[in-house]
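Have a look at the structure below before the remarks.
The values are calculated or read from the model by the stated rules, or taken from the named source; none is laboratory data. Note that the coordinates shown come from a computational prediction; the quantities given were computed from them, not determined experimentally. Note that each Cβ is placed from the backbone with ideal geometry, even for glycine, and that neighbours are counted across all protein chains shown.
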Amino acid sequence: MPAGVTTEGCPDSIHQMEVERDDTHSLKRSMSTMQLTMIGVGGTVGTGIFFILSEAVPEAGPGVLVSFLIAAAVAGLTVLCYAELASTIPSSGSSYSYTYATMGELAAFAVGACLILEYGVSAAAVAVGWSEYLNLLLNNLFGIQFPDALSAAPDAGGIINLPAVILVVLCMLLLLRGASESARANAIMVFIKIGVLGVFAAIALTGFNADHFANFAPEGMHGISIAAGSLFFSFIGLDAVATTGDEVKDPKKTIPRALILALGIVTLVYVVVAFAALGAQSAEDFEGQKASLATIVQGVVGSTWPGTLLAVGAVISIFSVTLICMYGQTRILYSMGRDGLVPPVFAKVSPKRSIPLVNTFIVSGAVAILAGLLPLGILADLTSIGTLSAFALVSIGVMVLRRTAPDMHRGFRVPGYPVTPILSVAACIYVISGLHALTLQAFVGWISVALVFYFLWSRKHSELARLQAQAENLTGDQV
């Protein structure tokens, strides 16, 4: 067991996780606070900011600035809960590991299924979006693009979405180089895309018109609240920070810091971009507008080059989001495999590269198939509900662990306990309640299939059950 770590009075599942982290085949701790913060920013500032304003501004008007702050506050409640559990139980499994430690195997397996939905499906979805932006960029720069047959799913008249598959392969190659190298590449992409958004804000502000803010909240708080609900999904990538528990230096301090820093950076970027966009264009013009950021700066400058620049930013943004989603997926499955809840091949670490090698190939293959053959709409539908369910259970886990292991060392404590985690759970339930009935039904179907797998396979191969049986046998022998 690592020095300075004690599991006295802890649930058996936490003790097991501490033992596993002392395994000689564990992942390598190599990431710094800055790299980890960039993972949070890279997994969050993605496709959303490039089109979300055309969805949210018609609902809230210029009051969308308040909507961003409300959504950030809701995300912040969950981030604080993540920070406490990450400082107590640093593990690669994120909310899966936290639920495992606080509520047991069955609840953890259900959360794991939610996270597989979140990371795997969203990785494929954003890869499909990348294909669209790449074609736009190639056409603007060189007058060429992938033919329809090789850039669309079969049901959309194509054969395969080849650019989406290429993106997944590129991300896989980066992941195979190791966590530190992937984090370094992601950090570079994050700085580039934030730079592009900064250029957008600078150009847009040259066309600033204060009159655009005159009718600040045309639909009152009702419209602001509705917009906040849709904007919440612009913050869901932050939990990728918590999947690095076995690969970051001094995780009990680094993960909470990175979570809070990433939330602050993301919120600042969103508010600045929204403010500049609203200053340059009246709220009425956002409705139904495609590629709104590119359209706005092209209108300010009177030229097409800003649109090309924004397309570059979108291509880089989506690349880094796909990379982080695939990284998170492999680490969730690594943790589940280590606990015996999915086949052990997912937990096998390459001694040479210190990464889950076979796991990475399997995840990349699955994501490539989804991205190449399915349309964006189908892939995107279930991502949000999986994320929100995991968020809610993390907040519940904070309260459970405070009761079951009150004396455990916590590098960070949620301020305003127990109000903060209760508000976090309530906020997640509120947003889930507004989702379409078909999405809820599909989610129930997915969880049902996952639970069948758990009862038929996982429960028989559980590492925790094996350790508990060994302990019972040892007690019987002593008696």
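Here are a few things to note about the model shown:
- Scanning segment 101-153 for residues that are of a type in the set (A, V, I, L, M) and part of a loop (DSSP other than H, G, I, E, B) returns 144, 152, 153.
- Evaluated against (1) surrounded by fewer than 20 Cβ atoms within 10 Å (Cβ to Cβ); (2) touching a strand residue (DSSP E or B) at 6+ places or on another chain (Cβ under 8 Å), residue 253 falls short on exactly one condition, (2).
- Leading residue by the ranking (surrounded by the most Cβ atoms within 10 Å (Cβ to Cβ)) among those in segment 329-362 that are at pLDDT 85 or above and small (Gly, Ala, Ser): 335
- Members of segment 239-265 found to be over 13 Å from the mean Cα position of the chain (by Cα) and assigned to a helix (DSSP H, G or I), listed by number: 251, 252, 253, 254, 255, 256, 257, 258, 260, 261, 264, 265
- Taking the criterion of being modelled with pLDDT of 80 or more and either buried (at least 21 other Cβ atoms within 10 Å of the Cβ) or among the small types (Gly, Ala, Ser) (or both), the only residue of segment 147-157 that qualifies is 149.
- Pick from segment 47-85, criterion hydroxyl-bearing (Ser, Thr, Tyr) and more than 19 Å from residue 187 (Cα to Cα), ranking: modelled with the lowest pLDDT: 54
- The C-beta contact set for segment 454-468 (first residue within 10 Å of residue 340 (Cβ to Cβ), second residue not in a helix (DSSP H, G or I), distance under 6 angstrom, 6+ apart or interchain) comprises 458/341; 461/340; 462/340; 463/339; 463/340.
- Every pair of residues 6+ apart whose Cβ atoms lie under 8 Å, when the first sits in segment 207-224 and is closer than 17 Å to residue 70 by Cβ while the second is buried (at least 16 other Cβ atoms within 10 Å of the Cβ) and polar (S, T, N, Q): 224/67
- The single condition among (1) part of a loop (DSSP other than H, G, I, E, B); (2) at negative phi; (3) touching a residue at least 60 places away in the same chain (Cβ under 8 Å) that residue 303 does not satisfy is (3).
- Considering the conditions (1) of a type outside the set (A, V, I, L, M); (2) surrounded by fewer than 18 Cβ atoms within 10 Å (Cβ to Cβ); (3) at pLDDT below 80, residue 406 is excluded by exactly one of them, (3).
- Qualifying residue in segment 341-353 (condition: touching a residue at least 40 places away in the same chain (Cβ under 8 Å) and either in contact with a strand residue (DSSP E or B) (Cβ under 6 Å, 6 or more places away or on another chain) or small (Gly, Ala, Ser) (or both)): no
- Exactly one residue out of 44, 33, 88 is modelled with pLDDT under 85 and either of a type in the set (A, V, I, L, M) or closer than 22 Å to residue 385 by Cβ (or both), and it is 44.
- Only listed residue being in a helix (DSSP H, G or I), modelled with pLDDT of 75 or more and either touching a Lys or Arg at 6+ places or on another chain (Cβ under 6 Å) or under 30 Å from residue 429 (Cα atoms) (or both), chosen from 226, 203, 194, 236: 226
- Of note, residue 3 does not satisfy the criterion of being more than 18 Å from residue 235 (Cβ to Cβ), surrounded by 24 or more Cβ atoms within 10 Å (Cβ to Cβ) and modelled with pLDDT under 85.
- Evaluation of residue 208 against (1) modelled with pLDDT under 85; (2) outside any helix (DSSP H, G or I); (3) of a type in the set (A, V, I, L, M, F, W, C) (one fails), failing number: (1)
- Within segment 225-233, none of the residues are farther than 25 Å from residue 295 by Cβ, without any contact (Cβ under 8 Å) to a residue 24 or more places away in the chain, of a type in the set (Gly, Ala, Ser) and surrounded by fewer than 24 Cβ atoms within 10 Å (Cβ to Cβ).
- Yes/no for residue 231 being assigned to a helix (DSSP H, G or I), at pLDDT 85 or above and either farther than 30 Å from residue 412 by Cα or aliphatic (A, V, I, L, M) (or both): no
- Selection count where residues are more than 20 Å from the chain's Cα centre (by Cα), farther than 14 Å from residue 275 by Cα and surrounded by fewer than 17 Cβ atoms within 10 Å (Cβ to Cβ), scope segment 180-216: 2
- Checked against the criterion of being more than 21 Å from residue 229 (Cβ to Cβ), at pLDDT 85 or above, outside any loop (DSSP other than H, G, I, E, B) and of a type in the set (S, T, N, Q), the candidates 395, 448, 424 yield just one match: 448.
- Residues that are within 15 Å of residue 98 (Cβ to Cβ) and part of a helix (DSSP H, G or I), drawn from segment 404-421: 404, 421
- Selection within segment 158-191: residues that are assigned to a loop (DSSP other than H, G, I, E, B) and touching a Leu at 6+ places or on another chain (Cβ under 9 Å). The member of this set that is modelled with the lowest pLDDT is 158.
- In the set (1) assigned to a helix (DSSP H, G or I); (2) touching a residue at least 60 places away in the same chain (Cβ under 8 Å); (3) in contact with a Phe, Trp or Tyr (Cβ under 7 Å, 6 or more places away or on another chain), residue 337 fails one condition alone, (2).
- Every residue from segment 269-287 that is in a helix (DSSP H, G or I) and among the acidic types (Asp, Glu): 284, 285
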